[in-house]
1. Would you report the distance distribution of C-alpha pairs in region 82-224 as whole percents per 10 angstrom bin, up to the bin with the largest distance?
2. When you have a sec, figure out the Kirkwood radius of region 449-504 from all distinct Cα pair distances and drop it here in Å to one decimal?
3. Accessible area per residue of region 122-214 at 1.4 Å probe, in Å²?
4. Kindly list the residues of region 70-112 that lie in the label zone of ASP139, defined by a backbone N under 19 Å from the point 7 Å along the Cα-to-C-beta vector.
5. Compute the accessible area per residue over region 391-517, keeping the other protein chains in place, probe 1.4 Å, unit Å².
6. Treating only the Cβ of Lys, Arg, Asp and Glu as charged (+1, +1, -1, -1), what charge dipole size does region 578-637 show about its Cα centre? Round to the nearest 20 debye.
Amino acid sequence: MSTPVSEETIVRVDRFASARLVADTVLYEGYVLYPYRASAQKNQLRWQFGVLTPREYAISSGGERWSMRSEVLVEPREQPRLIVRIRCLQLQRRQIEATTDGGASYFPADSLDVDGMKIVPWDEAIDQEIDVAETGIADLLHADCPACLEHHFTLADTDEIEVLRDHRGDIAGRAVRRREAVSGLVRISAETAAEGLLKVSVTVENTTEWSDRGSGADRDTAMRRSLIAVHTLLAVDDGSFVSLLEPPPSAEAAVAGCVNDGTFPVMIGSATTRDVMLSSPIILYDFPAVAPESAGDFCDSTEIDEILALRVMTLTDDEKAQARGTDPRAAAIVDRCDDMPDEIWSRLHGAVRSLRPIASDDSHTEATETTVPWWDPGTDSSFDPFNDTMRIGGVEVGSGTRVRLKPSRRADAHDLFYADKIATVKGVFNDVDGDQHVAVALDDDPASDMFEWQGRYLYFHPDEIEVLAPAKSLRVLVAGIGNIFLGDDGFGVEVVKYIDIDELPANVRDGTTVSDFGIRGVHLAYELLDGYDALVLVDAMPLAEQPGTVVVFEPDIDAISATGMDAHSMSPATVLGHLAGLGGSVPRVFIVGCQPSSVEEGIGLSDAVAAAVLPAAETVRQLLVQMYSTAEKDQQQ
């Protein structure tokens, strides 16, 4: 006969223990930023992730949300059961009061020097966890469960006083901490998503009453009645979760039907059991983990950059005292950097996550004899990323191919910002696993030339690339015209001297010709017979404006001869007349004109017109960039 086990002897296993480190990182993301002082500019606007304010405040301010919703998929077995835990921070306001009579009376203070710390008022945070009663998912599907499961909770208000003593033990003042009550609601429901799959929804709401609607309460006041850094942990027994980032093909339609508002669910814990998910306000990959190099809660538990540690060490003693007095977590970071042993510095300096597996002793011998590292492209001359090509959608893709970027759900969070951007392929790379990646540079990134010089590219999988039809190259002629012996009439000739082709973006540089034609109208007409898409004439002309005024316009080509723009023997009308007489034409003409001060005989520009030369050159550059950008967009549509 077996002996019954009492409830007291049962050891409850915390299903979320494996997720605790990552969840704590989410909880304190951005809590206090380098240089870890309350006075730092970057620490003035806090609580930026997962904030749920009272509903009325959220609606009236428009800047925050009052609820968040997580939807996940469960692949059930016989009797699946759901465990839900909500984690958040509750704000605790710390005020500082000083004393001069040993604690008989206190008065508000902006700061207090205590034992090497400069303690200041600060909004601290208290960890809070709300566990919802374990429930059977089948119960949530029951027809008699219209509201499903609702769990109301309240984070209590408190007042605490801490007496602060100096190094002699004398009372220097006190810290008064106050928390305001915050109420919330967790609503859980379930429905059938597809054959063999259930969709579980968890909504978290801030139900705190808000009575300051008409008083113009600011965000800091609202934060004291908010749920902060809210994230949801879900576990399932007798079932498993489906990845929302990389679902199996059979679940893709069901995943597309999941709506997550203000939160991003990812798999966490064991990839084998797939029984825990973390739904956080921060975008993560499936199965995130804290870097093993991170010593304690270093910085934000994942930031292991030695440069940041070195910067902490450069803080002055006064700055460190301010950081230590701001928050215990900031004090711990400063102390850890001050006392960091050499082995920790070595770990922060760099880590190799994986190495190519060694196939045999022979391969090991061969690898150690080579003078080129295994990861260097020079180890295998059969690969040349800058000349290699691959086929995407039946098109041969290689360096110079223009593409549209289509980041997938598995893409890096930053790559999602590049969706539908146009880029140029710089190379086709093969990794050690045999997979191919396309290196690209954004066409509209002004820093792309610098990145390319450094060998830095953006990398995408072939299925994240849409090949564009070869673009027709636009050809533009920039012509400076005028007579340098007639004073300001030499304006156009002077301007083109300051238009450096090499400084133009690559796509503009390749199709643009800049030249000084002076008074050689026939020569310019013959040049236009070579087939240009547009002509930019830079010239001095009467505009009925103040001398030195620069204008840009696109005249009616057919009527240009009647515009009266003739300050010298070669006008735009003369040029286009010559061109028409030769049987040629140019589709578009732009004129960058400047009002002269004098076109009498003499060499040199007047002061007003000379001052307009550089602005006019910049105007031409901007016009060229705009023309090419418009042409490319027209071709892409």
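1. Going from the shortest bin to the longest, the percentages are 10, 27, 22, 18, 12, 8, 3, 0.
2. Values: mean 1/r = 0.0626 Å⁻¹.
For region 449-504, inverting the mean 1/r across all distinct Cα pairs yields 16.0 Å.
3. On the way: 4940 Å² over 93 residues.
That works out to 53 Å² per residue.
4. So the set is 74, 76-86.
5. Values: 6400 Å² over 127 residues.
Using a 1.4 Å probe on heavy atoms only, each residue of region 391-517 averages 50 Å².
6. Working: 3 positive and 6 negative charges, 61 e Å.
Roughly 300 debye for region 578-637.
The values are calculated or read from the model by the stated rules, or taken from the named source; none is laboratory data. Remember, predicted model here, so these are calculated numbers, not experimental data. Positions of Cβ are backbone-derived with ideal geometry, glycine not excepted, and every protein chain shown enters the neighbour counts. The area values use the complete protein model at the heavy-atom level, side chains included, leaving out ligands, DNA and RNA. Shrake-Rupley method; radii C 1.70, N 1.55, O 1.52, S 1.80 Å.
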